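The values are calculated or read from the model by the stated rules, or taken from the named source; none is laboratory data. Worth saying up front: this structure is predicted, and the values here are computed from it rather than measured.
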Amino acid sequence: MKKPRTVDLTRRESQIMAIVHRRHRATVEEIRAELPDAPGASSVRKLLDIMIDRGLLAREYDGPRFTYFPATKPEDARRSALRQLVRTFFDGSPGSAVAALLESSTPLSSTDYRHLSQLLKRAREQGEDR
């Protein structure tokens, strides 16, 4: 199995990635409108070019401007972000992360409970096979 690539983002790159992932696609002006203390359009364009070179974003020409979008599939980005979160805040323990989430959230629906139970059962069975 290929080891996942870890990408370190600057604060501004993290902000841009959050905006682009939330919106799915965004122009320079849409990104600037959501950035705190937004730099000028040319500075944002330069950052976006760097992020394209790093393989974080892609772009398409859409009429008079470019539209930027994540270069990775949403599920890959979610997994990567979650791995980083678990590594950073929960000492690499998925169980601690799940416990913290369950302790701080609203009660689970019956559907969510059944889904999580199935995932936990599958994880236990896979762990016993090793």
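I need the full set of residues from segment 13-54 which are closer than 22 Å to E75 by Cα, of a type in the set (D, E, K, R) and in a helix (DSSP H, G or I), in order please. Correct list: E13, R22, R23, D53.
For (1) modelled with pLDDT of 95 or more; (2) within 20 Å of the chain's Cα centre (by Cα); (3) of a type outside the set (S, T, Y), each residue gets a yes or a no:
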{"site": "D37", "(1), (2), (3)": "no, no, yes"}
{"site": "L48", "(1), (2), (3)": "yes, yes, yes"}
{"site": "R59", "(1), (2), (3)": "yes, yes, yes"}
{"site": "D62", "(1), (2), (3)": "no, no, yes"}
{"site": "R65", "(1), (2), (3)": "no, no, yes"}
{"site": "Y68", "(1), (2), (3)": "yes, yes, no"}
{"site": "S80", "(1), (2), (3)": "no, yes, no"}
{"site": "Q84", "(1), (2), (3)": "no, yes, yes"}
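What is the number of the single condition among (1) under 12 Å from the mean Cα position of the chain (by Cα); (2) at pLDDT 95 or above that A33 does not meet? Of the numbered conditions (1) under 12 Å from the mean Cα position of the chain (by Cα); (2) at pLDDT 95 or above, the odd one out for A33 is (1).
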